[in-house]
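Peer 1: The following block contains the structure, expressed as structure tokens.
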Amino acid sequence: MIVVLKQNANKDQLENLKSWLTNMNLGIHMSEGTNTTIMGLIGDTSCVDIDLLMALEIVADVKRIQEPYKCANRKFHPKNTVISVGETKIGDGNFMLIAGPCSVESREQICSIAESVKQSGANILRGGAFKPRTSPYAFQGLKGEGIELLLEAKKETGLPIVSEVMDLSQLPLFEEVDIIQVGARNMQNFALLKELGMIKKPILLKRGLANTIQELLMSAEYIMSGGNEEVILCERGVRTFETSTRNTLDLSAIPVIKELSHLPVVVDPSHATGIARFVHPMSLAAVAAGTDGLIIEVHNHPSAALCDGQQSVTPEAFDKLSREITQLLALIKEFDTQ
Ligand code: PEP
Ligand code: MN
């Protein structure tokens, strides 16, 4: 339920209203816009008497929210959310370019890739230390050592880092990781999501292999309802009958999510296509469709990569792509001001 307040609502009356609602065990989410202030009510609102609310002097309107997600809902929070990571921001016109290898393999590998993607304009370094692999015999990541190496690359380049947590027990190792990634396979690991709701750190939440947009938003809701509102949603392709690509990139998820939610959206063209040469066109397509960022796998020696080499672009290819992304973003800004 949302309560739209009148402009310049009396402060004492507002405090009375808040305590009345909290006494009914409802959470309150305030969202101040330029013209209106919206009060989002979280919890079981069936006990709220709408007529009584409407009759209050400070209330302009009351609306029930049909969608099961509240904190992630644009109706609760009309303005785009902006999330800051170091000096970088994402959302509301701020573009985030995340790049790096699928997995951290060695000090030389991660530091060399970090340096080149930084030179090419990436503002966040990615690298998996805990890898969710289909085969238990495949490389599982360097685990704690991988995080240590990422931190070294961060120190050398100044780039903030993002890495995937697979299990609650690994969380203590992520203290200095700037963004915690929840992978597609864990999108509905509710115990993990709840725990991430209690920390103060941006979460990159990837869409599950066969999950709807509403399910993705409900997973974001698990994190946000715990108090952590810094969620970045990631479209990384979904399973379809098509076999020419690893997954099918659902580009329409970008405008759909932006309509339904205020959270920033990034696109992962690497896992979506699974093929390095398709990363370039799909990145540009995602930018044209309005994504707030991209997460791209880059490897300095793709054919020798321990994980996802076939979808990793070289630093040279990434450099060319990054320049085109910058040009396309400038062009889109021009359209927006026309
Ligand atoms: C990854 O980012 O390396 C990864 C495993 O992605 P996803 O969870 O989208 O498959
Ligand atoms: Mn990968």
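The values are calculated or read from the model by the stated rules, or taken from the named source; none is laboratory data. Quick caveat: nothing in here was measured; it's all calculated off a predicted structure. As a convention, Cβ positions derive from the backbone with ideal geometry for all residues, glycine included, and neighbour counts pool all protein chains shown. Protein only, heavy atoms only, side chains kept; ligands, DNA and RNA dropped before computing areas. Shrake-Rupley method; radii C 1.70, N 1.55, O 1.52, S 1.80 Å.
Peer 1: Go through region 155-174 residue by residue and tally those that are surrounded by 22 or more Cβ atoms within 10 Å (Cβ to Cβ) and out of contact with any Asp or Glu (no Cβ under 8 Å at 6 or more places or on another chain). Full working, then the answer.
Peer 2: Initially, region 155-174 is screened for residues surrounded by 22 or more Cβ atoms within 10 Å (Cβ to Cβ), giving 159, 161-165.
Next, only the ones that are out of contact with any Asp or Glu (no Cβ under 8 Å at 6 or more places or on another chain) stay: 159, 163-165.
Counting residues in region 155-174 that are surrounded by 22 or more Cβ atoms within 10 Å (Cβ to Cβ) and out of contact with any Asp or Glu (no Cβ under 8 Å at 6 or more places or on another chain) gives 4.
Peer 1: Something else now. Give me the helices (runs of 4 or more DSSP H) completely within region 224-338, filtered to those with at least 1 residues that are within 16 Å of ligand 2 (Cβ to nearest atom), ordered by residue number. Give the steps one after another, and end with the answer.
Peer 2: On the way: elements: 253-260, 269-273, 279-288, 315-337.
Fully inside region 224-338 and qualifying: 269-273, 279-288, 315-337.
Peer 1: Just wondering, is there one or more residues in region 50-72 that are out of contact with any helix residue (DSSP H, G or I) (no Cβ under 8 Å at 6 or more places or on another chain), assigned to a loop (DSSP other than H, G, I, E, B), in contact (Cβ under 8 Å) with a residue 12 or more places away in the chain and not β-branched (Val, Ile, Thr)?
Peer 2: No, every residue in region 50-72 fails to be out of contact with any helix residue (DSSP H, G or I) (no Cβ under 8 Å at 6 or more places or on another chain), assigned to a loop (DSSP other than H, G, I, E, B), in contact (Cβ under 8 Å) with a residue 12 or more places away in the chain and not β-branched (Val, Ile, Thr).
Peer 1: While we're on this one: Go through (1) open to solvent by 40 Å² or more (accessible area, probe 1.4 Å); (2) within 15 Å of ligand 1 (Cβ to nearest atom); (3) closer than 30 Å to Arg277 by Cα and name the single condition Asn189 misses.
Peer 2: (3)
For (1) closer than 28 Å to Ile113 by Cα; (2) in contact with a Phe, Trp or Tyr (Cβ under 7 Å, 6 or more places away or on another chain); (3) at pLDDT below 95; (4) buried (at least 19 other Cβ atoms within 10 Å of the Cβ), each residue gets a yes or a no:
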{"site": "Ser252", "(1), (2), (3), (4)": "no, no, no, no"}
{"site": "Ser261", "(1), (2), (3), (4)": "no, no, no, yes"}
{"site": "Thr273", "(1), (2), (3), (4)": "yes, no, no, yes"}
{"site": "Leu284", "(1), (2), (3), (4)": "yes, no, no, no"}
{"site": "Asp292", "(1), (2), (3), (4)": "yes, yes, no, yes"}
{"site": "Thr314", "(1), (2), (3), (4)": "yes, no, no, no"}
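Peer 1: Which residues, counting only those in region 94-121, are within 16 Å of ligand 2 (Cβ to nearest atom), closer than 24 Å to Ser84 by Cα and not in a strand (DSSP E or B)? It would help to see each step written out before you state the result.
Peer 2: As a first pass, look at region 94-121 and keep what is within 16 Å of ligand 2 (Cβ to nearest atom): 98-105, 109-110, 113, 117.
Restricting the remaining residues to those that are closer than 24 Å to Ser84 by Cα gives 98-102, 110, 113, 117.
Pro101, Cys102, Ile110, Ile113, Val117 - these are the residues of region 94-121 that are within 16 Å of ligand 2 (Cβ to nearest atom), closer than 24 Å to Ser84 by Cα and not in a strand (DSSP E or B).
Peer 1: Next question, about the same structure. Could you go through region 137-155 and let me know if any residue there is outside any loop (DSSP other than H, G, I, E, B), in contact with a Pro (Cβ under 7 Å, 6 or more places away or on another chain), closer than 19 Å to Val298 by Cβ and hydrophobic (A, V, I, L, M, F, W, C).
Peer 2: The answer is no; no qualifying residue exists.
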